[in-house]
1. Convert each backbone phi in the range 389-401 into a coupling constant with the Karplus relation 6.51 cos²θ - 1.76 cosθ + 1.60 (shift: θ = phi - 60°), then list the ³J(HN,Hα) values in order as whole Hz, x for Gly and Pro.
2. S314 to K396: FRET efficiency via 1/(1 + (r/R0)^6), r the Cβ-Cβ distance, R0 41 Å, to the nearest 0.05?
3. If I fit a long axis through the Cα atoms of helix 198-209 and take the longest principal axis of the Cα atoms of the chain, what angle between them do I get, 0 to 90°, rounded to 10?
4. Given the C-alpha atoms of the range 384-439, compute the convex hull and give its volume per residue in Å³.
5. Students often get this wrong: which residues of the range 350-368 have the backbone nitrogen under 18 Å from the point 7 angstrom along Cα-to-C-beta of D305?
6. Just to be sure I understand the model, the point goes 7 Å from the Cα along the line to the Cβ. What's the resulting E435 to E240 distance in nm?
7. N247's amide H: which non-local residues (gap 5+, or another chain) put their own amide H closer than 5 Å, with H modeled 1.01 Å from N in plane and none for Pro or chain starts?
8. Per residue, how big is the convex hull of the chain when only Cα atoms are used? Give it in Å³.
Amino acid sequence: MSESCITLQLHHICVSPFLLSQEKLQEISARLKKNMIQGLGKHTHHKAPVKMLPTFVRATPDGTEKGDFLALDLGGTNFRVLYVRVMEEEQKVLKMDSQICAIPQDIMRGTGEQLFDHIAACLADFLDSQNLKGQTLPLGFTFSFPCEQIEIDKSILIHWTKGFSCSEVEGKDVVKLLRDAIHRRADYDIGSVAMVNDTVGTMMSCGYKDQSCEIGMIIGTGTNACYMEEMKNVKRVEGEDGRMCINTEWGGFGDDGSLEDIQTQFDVVVDKTSINPGIHIFEKMISGMYLGEIVRLLLVKLTEDKLLFKGKTSEALLTPGRFETRFISEIEEQDRGLKNCQNILTELGLKWDSVDVRLVRLVCDTVSIRSAHLCAAALATIVNRIRENRGLDYLKTTVGVDGTVYRKHPNFSDKLQAMVHRLAPNCSITFLVSEDGSGKGAAMVTAVAHLVLLTLNCKLTQDQSM
Ligand code: BGC
């Protein structure tokens, strides 16, 4: 088959189903807007796929936060414990020690008790190493899963995402599970606890640098965003004045079937074979946990159709999870991309020629551009909403961003920014990558969260269930 004939067929199978026109992205943005309003509504919330969770954060940091804190960061395959000392002047972090503990797969999928015992044990080791066991420090808990925050220290897990599926945690208060695990050990204790989602942490840590940061976005293992919404629109929380940060949980967009028209056969397989089918459909088209697998499935199909590797597959290519998302970034690197691609294909036991290498790169491009454009549509929905909320002709705002896909992919951020610009022409957006997102960022979050804890003044209205 000639190269042009292969490219044509490849286009049909793999490129066109992933191409989303600007009009389509506008339509998707309009759908998300509807879902967001549904999520905010008192009587529509319980059925909403986009949860729009109130966070109780009423303001971005003002720079007066200080103190000694512990911070926990759970959201991916690793778990981090930090000890931080924040000084008032310029929010200088005086001392910051941290420890990373891996969370083995059997714990990610075991019982909740095992998970929290593991967390409590890691914290104990860390406190020992820092000689801190005798102190009772306030603790900021960055827990990056959808939670219904009843109060700042009472947060009910709605459902697991991103490869976690521990039993007996969904529907329960995560702070209580942590405290129970610490009490079971009885060798140390913690002070007040403030829970935050990673999007909120990112927004707040970037807020120190830029006071106009009022959106936090993560494009990493999972994806999500939060933003400052007018209180009068947050129907589930009492009070009309001011603003509150809403954790959108946009990863759940499409969980009611509303994205079926753009889901490809590969997205359907990724969802069906995941540990949580039907949950977080949007996230599964975008985030780092899934992009590599989408590419792998495409490569398998193209090989079956004899468009790649002369129709010869390999055991590695046929193994779910073997094509890692980081390969996409490596393959798309400007200068070394093709060489990286050759090495990766060889590692995967495939016999390639130069046409294969170029086509694999095209597949990676296609999948990552779709991801960037879908994120752009979602972010445009938020900035357009903030602008309309405030009755402005033009909005200038800042988005705090974090996550490996955004940070590490060579042109993801450019693609995303260019498309947001087209979808939200009346908004000027500064993108601020959070500095050491889980280090300095987590420290700031803890400080701010502690302050939030002290100043909390509202609760969810009574009749709200998840
Ligand atoms: C979770 C969010 C989180 C996002 C990014 C999603 O799977 O539901 O709470 O913010 O991942 O970590």
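Only the coordinates and a few stated rules stand behind these numbers; no lab work does. Owing to the predicted nature of the structure, the values given are computational and were not obtained by experimental measurement. Neighbour counts are summed over all protein chains in view; Cβ atoms, including those assigned to glycine, are modelled from backbone coordinates with ideal geometry.
1. Per-residue couplings from phi come out as 3, 9, x, 9, 6, 9, 10, 10, 8, 10, 10, x, 10 Hz.
2. Values: r = 51 Å, r/R0 = 1.24.
Result of the calculation: an efficiency of 0.20.
3. It works out to around 70 degrees.
4. On the way: hull volume 4.7 nm³, N = 56.
Here the figure is 84 Å³ per residue.
5. Inside the label zone: 355-368.
6. In this crude spin-label approximation the distance works out to 4.1 nm.
7. Placed amide hydrogens put L53, T55 under 5 Å from N247.
8. Residue-normalised Cα hull volume stands at 142 Å³.
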